[in-house]
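Data first, discussion second: the structure below is written as structure tokens.
The values are calculated or read from the model by the stated rules, or taken from the named source; none is laboratory data. Owing to the predicted nature of the structure, the values given are computational and were not obtained by experimental measurement. When we count neighbours, we look across all protein chains shown, and the Cβ atoms used for this are built from the backbone with ideal geometry, even at glycine. Ligands, DNA and RNA are excluded from the accessible area calculation, which covers all protein heavy atoms including side chains. Shrake-Rupley method; radii C 1.70, N 1.55, O 1.52, S 1.80 Å.
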Amino acid sequence: MEAIEIARKLAALGSTEDACDAYSLVIHQKEDPAAELEAAAYILQSGGNYKVSYTCFLDLYQRGHFREEIFPLVTKVFYEPNIKMMQGRYERNCKLLKKYPYLFRKDFLPFEELPVRFYPYDDSHGYVPFYREQQTFGDYVNFKNPVISRNFFKDLENPVLAEDVTSQYELEYLRDNVRKSEYVGRENHVYLHYTDWSVFCSYLQCLNMRPLLEEEKLVFLIEDERSLYPIDFKARFGIDYSQYSIKLVGIQEITRLIWHTQLSTHNGGDFFNEVFDNHPNLLVLPSIMMSNAVENVKAFHA
């Protein structure tokens, strides 16, 4: 007996949990799109794991099956209940950015005209983008996924210039790990270049800009504005950072880095310090004696 027949019999007998398990197998087999649709619909309607149904609906849609039935279904069930939340976040971000001195373009699109919709997928800040012009879904994205996808610090002689950064985690990482221009005595803002204004606006549905803008470390360059990098802040804004003296790093600045220091023993700590020295998320200090640890931390903090 095939899995779909078993699932139907279990459903008819009222064995909902077992029927959901059997229907999940139907989805996994991917042998019959109609059976997959039936399985996903049953699991969703019976209160099973909605992610199984959601993923199946999206997969069928991307494969070109039952698009006219699936799109309004996933929109009604997974997108429409979250529209007010998405629109509210977008409008709050736009309001903040309109007042921000280092975003030079202010013609934000109306929420209804954004080219990318983001369909909430889970409670972990995960979304599935839908590209309205192409009428297709993209890959799942988690804006708070704690991964640094690139080396932002290849060139230490000039301010950071990063292309199309849309990860909340990476934006906060840059905010936390690039020192203020006033602390280093030179222009040291983070320049974020976005190649498409409408797409940048779309991501404002999902990002939280408030904590990113408070220290005014970020400079947003949109499309052709990339040619402005780096900006002469003295000429353009009347701010001369060279008048500030270099400030020692304080522990209060270290927020997202993992602080690894090896107390003097014979367990290979020095070797690992050398290995970890190039890791983007580690601040490595040489071995210290236990008796000196407290005094060293006090001196470092001062």
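Quick notes on this one:
- Shape class of region 17-81 from the Cα gyration tensor (axes a ≥ b ≥ c, square roots of the eigenvalues): oblate, since a/c reaches 1.5 or more and a/b does not exceed b/c.
- Across region 122-132, computed HN-Hα scalar couplings (Karplus, 6.51 cos²θ - 1.76 cosθ + 1.60, θ = phi - 60°) run 8, 8, 10, 6, x, 9, 10, x, 10, 8, 5 Hz from first to last residue, x flagging Gly and Pro.
- Model label sites at E112 and D155, defined 7 Å from Cα along the beta-carbon direction, differ in position by 4.4 nm.
- For V219, the residues whose modelled amide H falls within less than 5 Å of its own, excluding neighbours fewer than 5 places apart on the same chain, are V190, Y191, L192.
- For the listed peptides 148-155, 183-190, 99-106, a ranking on the average number of other beta carbons within 10 Å per residue, highest first, reads 183-190, 99-106, 148-155.
- As a rough guide to protection, the peptides 196-204, 12-20 ranked by mean Cβ packing within 10 Å, highest first, stand as 196-204, 12-20.
- Here the peptides 221-227, 52-58 are ranked by packing, the mean other Cβ count within 10 Å, and the order with the highest first is 52-58, 221-227.
- Of all accessible heavy-atom area on region 174-230, the percent that carbon and sulfur account for (1.4 Å): 41 percent
- Inter-site label distance for R226 and E253 at 7 Å from Cα along Cβ, in nm: 3.0 nm
- Rolling a 1.4 Å probe over the protein heavy atoms of region 65-117, with every protein chain left in place, gives an accessible area that is 54 percent carbon and sulfur.
- Partner aspartates and glutamates whose Cα lies under 13 Å from the Cα of K144, excluding those fewer than 8 positions away in the same chain, are identified as D122, D123, E170, E172.
- Which listed pairs, of K30/K76; K106/K154; K9/K30, have C-alpha distances above 23 Å, in listed order: K30/K76; K106/K154
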